[in-house]
């Protein structure tokens, strides 16, 4: 995958994760319901990426894993200098704090 997003199944029905993707270097992208996009660089998160991809493929537990294990992520807007995926939803920031 080349930075392409895939829908997160959200089997529990209350996840803050909306989509996820994988970059060619193994880094993971996560789009949260609030519209924020985070990049989790592979080089800084080797031990987390495998678990995060497994949870993403299951469609359950990814936001909780991120909240509990605190992998090092960077908000994509800071990396690219633009605002990505802005949303006007009334949903809270529950995305990064658990499912």
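None of the figures in this text is laboratory data; all of them are computed from the coordinates on show. On a predicted model such as this, the values are computed, not experimentally measured, just so you know. All Cβ positions, even for glycine, are placed from backbone atoms using ideal geometry, and neighbour counts span all protein chains on display.
Summary of values
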read-out	value
Distribution of pairwise C-alpha distances over segment 6-82, 10 Å bins, in %	20, 58, 21, 1
Inter-probe distance in nm under a simple model that places probes 7 Å from Cα toward Cβ, at residue 67 and residue 46	3.0 nm
Packing-based ranking, highest mean first, of 28-41, 57-70 given that Cβ atoms within 10 Å are counted	28-41, 57-70
